[in-house]
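All remarks here apply to the structure that follows.
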Amino acid sequence: MKIVIAGCGKIGTAILKRLVKEDHDIVVMDHNPEIIANVMESYDVMGICTSSTDCASLRDANVGDAELFIATTDSDEHNMLSCLFAKRMGAKYTVARIRDKANNNENLKFIKDQLDISMVINPEILMAKSIHRMLRVPAAVKVESFARGRFEVTELNLKEDNILVGKKVSQLRSVENVPFLVCAVLRDKETIIPNGEFVLQTGDRIGIIAEPSDMQKLLAKFNLVNKSAKNIYIAGASRIAEYLSGELAQFGNDVTVIEMNEDRCNEFRDLSPRSVSVICGDATNHDILLEEGIDKADGFISLLKRDEENILTSFFAASREVPVVITKVNSDGFEDTTQRLGLERIVSTKDVTADLIIQYARALQNTVGSKIDTLYSLMDSSAEALEFIVSKNFEKLNVPIKELALQDGVLVAGIIRNNKNIIPGGNDVILEGDRVIVISSGKKLLDLSEILK
């Protein structure tokens, strides 16, 4: 598929990195010559150093032949205008990064309709929702929601004293009539889709799929329930903090935001609900964190500008035994550092955005037996969870799952049928119109039929 990416900052580069692995024909546009040089050196793509609102440059990039045009510069207006130009030149689908909080749902709908933009992305909103899901399940490293909230995949790290250690997966099929599946295991940087004989070990990161209402019951049974994260501290009054604090306040959380810039503090107070406390101070200063009562916090989220500051501030919060510590890290080079410091809950704006773009690109490619509705990366991006809508063209309709010759590294993990949730067993079947959740490791799936050998 021909794809043009306009703007190659951190988010644009993350999208490029993921799309290159999908074997697309990609052209990158950016006004910074150093960025273009680095991109062309690192990836087998065409790079054009120019503004993506320059019509001649858009023609040079053959935008009119593109199936997908993605505008992810730092300027909302620039992204909207370049999408308009690309669409008028013949690009089939356009995606714009739009971050301004003034663009509410009504405004965004008007913008999409008038400019004929296929999809609008706000990375900060995506991040806020991702963090909120993690706070709702304090024991989790990551939580993803599927089928409009009908299923959740929750990632958990197994400690030495956990009752799951030493158990076969087949022993965990149901707990007190609560259906679930252990759908993936990350062990020694290798992701495994486990069969029934697989034995869980200390240090494993496991992925569990279940209905959201059942997840807390499971975690309680497995002694993995932490105290509800009620009292939340946020370091940095970023845009993500704006969305997150507002959402947390709606759910009755006590929120304290610590920001060093006085002007930003005043602005944040004006934008926030009254229940959100804003402290003007340096969140990297341990004395200030202690003075503001971090020892009483149930959750600490570091959303400062620099990754290094987020890592060090989060490490201090963890050392004060804050139960849930979430760290924003956008650079790939800090993976080993965060692991050595014991920081488990890492979030990245670029990764949640890239997930959504990959989902959209796969959906555009797939036309045969089913349609990709959602896609998320799991287990440090070494596995994927995909939600397919099954069409009549799927060749194994009404065949028991135990009789399907599935590819290695693939698991049918959930089915939604006629408003009913199913954690499938061997005798369950796939029918037209079902929503099917598939977990895949080491494979790029475009269509449900590709789960078969």
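Observations, loosely collected:
- Evaluated over the Cα positions of the chain, the convex hull gives a direction-averaged projected area, one quarter of its surface, of 22.0 nm².
- Theoretical FRET efficiency, 1/(1+(r/R0)^6), r = Cβ-Cβ of LYS168 and ASN107, R0 56 Å, to 0.05: 0.60
- Label-to-label distance for GLN201 and ARG320 is 3.7 nm, based on points extended 7 Å past Cα in the beta-carbon direction.
- Solvent-accessible area of region 221-271 (1.4 angstrom probe, protein heavy atoms only): carbon and sulfur portion equals 43 percent.
- Probe 1.4 Å, protein heavy atoms only - accessible area per residue of the chain in square angstrom: 45 Å²
- For region 333-428: rounded, prolate or oblate by the Cα gyration tensor [a/c cutoff 1.5]: prolate
- Within region 188-317, the ratio Rg/Rh, alpha carbon atoms throughout and Rh by Kirkwood, equals 1.08.
- Distances between placed amide hydrogens fall under 5 Å for ASP204 paired with LEU158, all partners being 5 or more residues away or on another chain.
- Relative packing of peptides 431-438, 282-289, 333-340 - highest average C-beta neighbours within 10 Å first: 431-438, 282-289, 333-340
- Per-residue 3J(HN,Hα) values for region 285-301, derived from phi via the Karplus relation 6.51 cos²θ - 1.76 cosθ + 1.60 with θ = phi - 60°, read 8, 4, 4, 5, 4, 5, 4, 8, x, 4, 4, 9, 6, 8, x, 9, 10 Hz in sequence order (x marks Gly and Pro).
- For VAL325, distant residues with modelled amide H under 5 Å away: PHE300
- Charges were assigned to the Cβ only: +1 to each Lys and Arg, -1 to each Asp and Glu. The resulting dipole of region 64-174 about its Cα centre is roughly 580 debye.
- Summing Lys and Arg as +1 and Asp and Glu as -1 over all other residues whose Cβ lies under 12 Å from the Cβ of ILE357 gives a net charge of +2.
- Projecting the Cα positions of LEU431, ALA56, GLY246 onto the charge dipole of the chain (unit charges on Cβ atoms of Lys, Arg, Asp and Glu, taken about the Cα centre) puts LEU431 furthest along the positive direction.
- Each residue of region 30-39 was assigned a 3J(HN,Hα) from its phi angle through the Karplus curve 6.51 cos²θ - 1.76 cosθ + 1.60 (θ = phi - 60°); the sequence is 7, 7, 8, x, 5, 5, 4, 4, 5, 5 Hz, with glycine and proline shown as x.
- The C-alpha radius of gyration of region 267-367, expressed as a fraction of 2.2 N^0.38 Å, stands at 1.33.
- The separation of region 55-72 from region 312-383, counted between C-alpha centres, amounts to 29 Å.
- Gain in span if fully extended, SER382 to LYS230, counting 0.36 nm per residue against the direct Cα distance: 51.5 nm
- Spin-label pair GLU77-CYS49: with each label point 7 Å from Cα along the Cα-Cβ axis, the two points sit 2.6 nm from one another.
- Straight Cα distances below 27 angstrom link LYS101 to the lysines LYS10, LYS87, LYS109, LYS112, LYS129, LYS142, LYS230, LYS305, LYS328, LYS350, with same-chain residues fewer than 8 positions distant left out.
- Shown is the FRET efficiency for MET119 and MET40, computed with R0 = 35 Å from the Cβ-Cβ distance and rounded to the nearest 0.05: 0.85.
- For the chain, cysteines whose Cβ has no other cysteine Cβ within reach (under 4.7 Å): CYS8, CYS49, CYS55, CYS83, CYS183
- What a 1.4 Å probe finds exposed on region 106-160 is 49% carbon and sulfur by accessible area, rounded to a whole percent.
- Extension gain from ASP23 to LYS159, taking 0.36 nm per residue of separation minus the Cα-Cα distance: 45.1 nm
- For region 406-446, backbone nitrogen atoms closer than 12 Å to the point 7 Å from ASN398 Cα along Cα-to-C-beta are found at 430-432.
- Along each principal axis, Cα extent of region 254-295, largest first, Å: 27, 22, 10
- Using θ = phi - 60° and Karplus 6.51 cos²θ - 1.76 cosθ + 1.60, couplings along region 235-243 (whole Hz; Gly, Pro as x): 8, x, 8, 7, 5, 4, 4, 4, 5
- 18 Å tail of the calculated P(r), region 217-293, as % of Cα pairs: 45 percent
- Taking label points 7 Å from Cα along the Cα-to-Cβ direction, ARG417 and GLN339 give a separation of 4.0 nm.
- Gyration tensor analysis over the Cα atoms of region 1-137 returns equivalent ellipsoid semi-axes of 24, 19, 13 Å (largest first, whole Å).
- Between amide H atoms placed 1.01 Å from N, distances below 5 Å from LEU378 occur with ALA383, GLU384, ALA385, all of them 5 or more places distant or on a separate chain.
- For peptides 18-29, 378-389, sequence by mean Cβ density within 10 Å, most packed first: 378-389, 18-29
- Full extension of the segment from ASN285 to ASN427, taken as 0.36 nm per residue of separation minus the current Cα-Cα distance, would add 45.3 nm.
The values are calculated or read from the model by the stated rules, or taken from the named source; none is laboratory data. Here the structure is a predicted model, which means the values were calculated and not measured. Cβ coordinates were reconstructed from backbone atoms using ideal geometry, including for glycine residues, and neighbour counts include every protein chain displayed. Surface accessibility is based on the protein's heavy atoms, side chains included, excluding ligands, DNA and RNA. Shrake-Rupley method; radii C 1.70, N 1.55, O 1.52, S 1.80 Å.
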